[in-house]
1. Which of the residues that make up region 470-509 are touching a residue at least 60 places away in the same chain (Cβ under 8 Å) and in a helix (DSSP H, G or I)?
2. For residue 139, which of the numbered conditions (1) surrounded by fewer than 22 Cβ atoms within 10 Å (Cβ to Cβ); (2) more than 21 Å from residue 328 (Cα to Cα) fails to hold?
3. Considering 238, 267, which residue is part of a loop (DSSP other than H, G, I, E, B), closer than 28 Å to residue 140 by Cβ and at pLDDT below 80?
4. If we keep just the residues of region 495-506 that are surrounded by 15 or more Cβ atoms within 10 Å (Cβ to Cβ) and modelled with pLDDT under 95, which is farthest from residue 133 (Cα to Cα)?
5. Among the residues of region 244-265, is any under 18 Å from residue 295 (Cβ atoms) and either in contact (Cβ under 8 Å) with a residue 40 or more places away in the chain or surrounded by fewer than 19 Cβ atoms within 10 Å (Cβ to Cβ) (or both)?
6. Select from region 198-213 the residues that are surrounded by 21 or more Cβ atoms within 10 Å (Cβ to Cβ) and touching a residue at least 24 places away in the same chain (Cβ under 8 Å) and list them in ascending order.
7. Determine, yes or no, whether residue 490 is surrounded by fewer than 17 Cβ atoms within 10 Å (Cβ to Cβ) and at pLDDT 95 or above.
8. Every residue in region 280-321 that is touching a residue at least 24 places away in the same chain (Cβ under 8 Å) and not in a helix (DSSP H, G or I), please.
């Protein structure tokens with residue numbers, strides 16, 4: 001035996017390499033699962049390696065600044081630079097094709113809005129609260145005016161890592177924006193001081209009984225225990241996969257997540273596609289009123305947009321009853337952090353701008369816009385997109401993927417695999433270890449602060465004090481080869497209903 005070991009130890013290094021390659025080749029030829037590897041032993045593995053790192057390679061080597069989706073390099077660079085307080089300007093003019101169909105132009109005023117002496121924005125250039133109050137019309141016991149027009153969209157603990165949720169909540173507290181829990185229930189990581197919107201879906205995580213049905217007693221107890229819960233959002237559907245329940249792979253379910261949600265370990269969690277607490281529009285309104293009466297909080301819902309008949313029915317019932325949701329979050333079909341089958345992500349539900357304009361028109365036609373706070377969601381975390389959304393009738397902006405990028409997401413597009421390299425969308429403790437919540441919370445705060453500040457600068461350049469004053473005549477869109485631009489009013493055939501606004505000073509507490 002000693003002789004054998006002595007002989008092997010005398011083998012040159014290249015002989016060991018050849019032996020290793022021979023064994024790999026032998027294994028590759030014998031296996032039948034992959035034709036490429038069988039037909040091209042050893043080198044065939046390169047194909048799968050390149051496929052795995054393809055998105056990252058294209059981001060940094062192949063694609064130009066403007067051609068990637070869902071977010072191109074220029075958009076990501078702006079978020080990264082803003083979150084790190086680096087120079088987010090660009091030189092030598094725009095590198096965008098302004099004649100491309102759908103390109104947005106915001107009309108500046110010849111004489112911009114000048115801040116009067118003592119105006120709040122002189123000392124706080126990013127101070128930008130919501131012009132409306134959730135629950136004011138329906139006279140809820142605890143109405144809520146969001147202190148920021150930019151807030152964190154529904155992303156659950158489970159979908160995101162514990163350190164990512166903690167970073168966002170701490171950053172939200174500093175930025176004065178609210179943090180939507182997502183449908184994974186309220187965790188300790190959401191409890192670092194920010195206002196919270198409690199969100200639940202068809203599985204009723206956090207407010208479910210032993211049979212998985214909604215429990216009003218648990219809802220009341222949750223709200224009474226945590227005063228920072230300021231509103232309640234019911235998820236009817238989400239842009240990534242409307243009409244399909246949420247999915248949390250078993251690989252992402254830890255003991256803590258299982259306890260918070262009240263679910264078993266070791267198996268995928270598939271939320272039902274439909275609610276058991278209601279089955280039609282009338283019952284939905286009953287459900288909203290029941291929760292509001294028992295908690296005193298504003299109650300609304302989140303939905304993607306498709307068939308319009310139920311929106312007509314909803315608004316008719318609101319007129320008949322004199323009550324309804326306090327806020328509505330319109331989620332664009334552009335998708336989001338939720339993993340989804342490509343058939344859903346690509347083809348089911350309307351993109352934000354098409355869905356929102358159709359819903360808003362129905363509310364405007366029936367004189368209901370002042371009753372509801374409209375929340376816009378769908379790749380809107382950039383100043384020009386915020387301005388466009390407000391011109392269409394939005395009152396608040398929810399950001400999700402942009403928030404993730406501000407704390408380190410690199411758009412690897414592996415959120416559903418538990419292998420997020422930035423530690424943002426994984427429960428892997430090693431990968432999470434790269435997130436420092438103290439640092440990342442500051443970066444999220446910087447991103448929100450910059451977004452609000454630049455939004456206000458464009459608002460003032462347009463001649464207004466608050467983006468809620470934007471009209472559909474203030475934004476034009478390029479119509480393509482004829483080189484003409486057309487106002488949003490002409491394109492979507494409606495007028496935004498003016499928001500009651502008497503100046504920023506009147507709404508700053």
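The values are calculated or read from the model by the stated rules, or taken from the named source; none is laboratory data. The model shown is predicted, which means the values in this text are computed figures rather than measured ones. Virtual Cβ from ideal backbone geometry, glycine too; neighbours counted across all protein chains shown.
1. 488, 492, 504, 505, 507
2. Going through (1) surrounded by fewer than 22 Cβ atoms within 10 Å (Cβ to Cβ); (2) more than 21 Å from residue 328 (Cα to Cα) one by one, residue 139 breaks only (2).
3. Values: 267 fails: closer than 28 Å to residue 140 by Cβ.
Residue meeting the stated conditions: 238.
4. My answer is 504.
5. No: zero hits.
6. So the first thing to find is which residues in region 198-213 are surrounded by 21 or more Cβ atoms within 10 Å (Cβ to Cβ), and the list is 198-207.
Residues satisfying the conditions are 198, 199, 200, 201, 202, 203, 204, 205, 206.
7. On the way: surrounded by fewer than 17 Cβ atoms within 10 Å (Cβ to Cβ): yes; at pLDDT 95 or above: no.
No.
8. Scanning region 280-321 gives 296, 297, 298, 299, 300, 301, 302, 303, 304, 305, 306, 308.
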